[in-house]
1. Can you tell me which residue among 44, 31 is small (Gly, Ala, Ser), in contact with a strand residue (DSSP E or B) (Cβ under 8 Å, 6 or more places away or on another chain) and within 22 Å of residue 299 (Cβ to Cβ)?
2. Which pairs do you get when a residue that is at positive phi, found in the range 377-403, comes within reach of a residue that is not polar (S, T, N, Q), reach meaning Cβ atoms under 8 angstrom, with the pair 6+ apart or on two chains?
3. Quick check on the range 248-260. Is at least one of its residues at pLDDT below 90, surrounded by fewer than 17 Cβ atoms within 10 Å (Cβ to Cβ) and touching a helix residue (DSSP H, G or I) at 6+ places or on another chain (Cβ under 8 Å)?
4. Which residue, of 352, 294, 347, is closer than 16 Å to residue 244 by Cβ and modelled with pLDDT of 80 or more?
5. Within the range 246-275, restricting attention to residues that are under 26 Å from residue 62 (Cβ atoms) and of a type in the set (Ser, Thr, Tyr), which residue is nearest to the chain's Cα centre (by Cα)?
6. Out of the helices (runs of 4 or more DSSP H) lying entirely within the range 254-315, which hold 3 or more residues that are within 18 Å of residue 7 (Cα to Cα)?
7. Would you call residue 42 at pLDDT below 95, among the hydrophobic types (A, V, I, L, M, F, W, C) and part of a helix (DSSP H, G or I)?
8. Could you list, in sequence order, the residues of the range 183-229 that are basic (Lys, Arg) and either in contact with a Leu (Cβ under 8 Å, 6 or more places away or on another chain) or free of Cβ contacts under 8 Å to residues at least 12 places away in the same chain (or both)?
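The values are calculated or read from the model by the stated rules, or taken from the named source; none is laboratory data. Predicted model only: the values in this text are computed from it and were never measured. Because the Cβ atoms are built from the backbone with ideal geometry, glycine has one as well, and the counts that use them run over all protein chains shown.
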Amino acid sequence: MSNIFDVLKERGFIQQTTHEEEIRELFGKESVTFYIGFDPTADSLHVGHFLQVIAMAHLQRAGHKPIFLIGGGTAMVGDPSGKTDMRKMLTPEEIQHNGNCFLEQTKGFLDFSEGNAIMVNNADWLLGLQYVPFLREIGRHFSVNRMLTAECFKSRMEKGLSFLEFNYMIMQSYDFLELYRRHGCRVQLGGDDQWSNIIAGADLIRRVEGAAAYGMTFTLLTTSEGKKMGKTENGAIWLNPEKTSPFEFFQYWRNVDDKDVERCLSLLTFLPMDEVRRLSSLEGSEINKAKEILAFEVTKLVHGEDEANKAQEAAKSLFGKGPLAGSVPTTEITETELDGMDILGLLVKTELAPSRGEARRLVQQGGIAIDEVKVTDIGLAITVDSFIDRALMIKKGKKSFHQVKLV
């Protein structure tokens, strides 16, 4: 049986490790309890989180125990890693709601039945800490000089780093210590932007408990050019179907660059690597078959097989010019609402543009078509006669579609 460390390495997950040989040996000889923390700063996980959850699933399938940590306490401070400005402060109620959303989404990927995985919230131990005792017990183990050399802080020094955020590394390190004490957690995992925080936590356990603890980071989800994936002109690609529809989600992966197919298949699906390499080696128009499989597999994992099938059928209908079916984003509109509506108003109504000004720009730049006919008149009236069988299809750019139904 292969060592899961080797599996993750072959698939391209592993970026940095504190002790590569020791970690590999640990995963090969016993069931290891490990954790990843997720700060609930939004009400849905996004595809960057998804990569880490897939890694957790690989590890769980190999017999290891994941701890999914919701950062209900750390989210009240805000992680400066990878940020040029201080995060927006969230209320405790917003954090609680977002955390609940994370937990529900994660249950679809990990087995939380008795003894297989653990869900925790660091608010349970962070919010009750007493400041002076915490400084005496934990703060004394941290060198300010060393902390300031960490990349997560260095990148913020010019713009200004608040004392609030400066505490984040100590809080995350304390999480690792608490999980070691409560659950025997030996390994912390995370995105590569968390490297400084992870090694600080492993070092804290060694200093306080005299025990070995390890850290490992995963590659960030980027394109072959090094640009972060999971963003569109409309914003992040979310796992919540109400924020990013299954069709939009499917289309995002269907339209990745040819050079990114192998990376996405390796990191975001459970397809065997032999199959990943076979699909990635397809050339010319044949690579589109690999992209369709990528889109279907990722959508199936996130939204279920039924939604993946609907999205696939909708894509075939649109691009094959057949009858429309499936889960294309749809807005319903009444005849009363049509009274006095123009194309700019319709684009705002469907949220294809945030404002009439932006809608005007899209039309003037030739970025909007209705039922495959390019719109050139910013004053185009939308009436009942604009609809065929009480429906019309708006195309924004080359790949974004939105159906409008007259009800």
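1. Working: 31 fails: within 22 Å of residue 299 (Cβ to Cβ).
When all the criteria are applied, what remains is 44.
2. 390/405; 390/406; 390/407; 397/233; 397/367
3. Within the range 248-260, one or more residues are at pLDDT below 90, surrounded by fewer than 17 Cβ atoms within 10 Å (Cβ to Cβ) and touching a helix residue (DSSP H, G or I) at 6+ places or on another chain (Cβ under 8 Å).
4. Numbers: 294 fails: closer than 16 Å to residue 244 by Cβ; 347 fails: closer than 16 Å to residue 244 by Cβ.
After applying the criteria, what remains is 352.
5. We begin by selecting, within the range 246-275, every residue under 26 Å from residue 62 (Cβ atoms); these are 253, 261-275.
The next check asks that each one be of a type in the set (Ser, Thr, Tyr); those that pass are 266, 269.
On the way: 266: 16, 269: 14 Å.
Applying the filter and picking the extreme gives 269.
6. Details: elements: 261-268, 273-280, 287-303.
Fully inside the range 254-315 and qualifying: 261-268, 273-280.
7. On the way: at pLDDT below 95: yes; among the hydrophobic types (A, V, I, L, M, F, W, C): yes; part of a helix (DSSP H, G or I): no.
No.
8. Start the filter on the range 183-229 by keeping residues that are basic (Lys, Arg), which leaves 186, 206-207, 227-228.
186, 206, 227, 228, listed by residue number.
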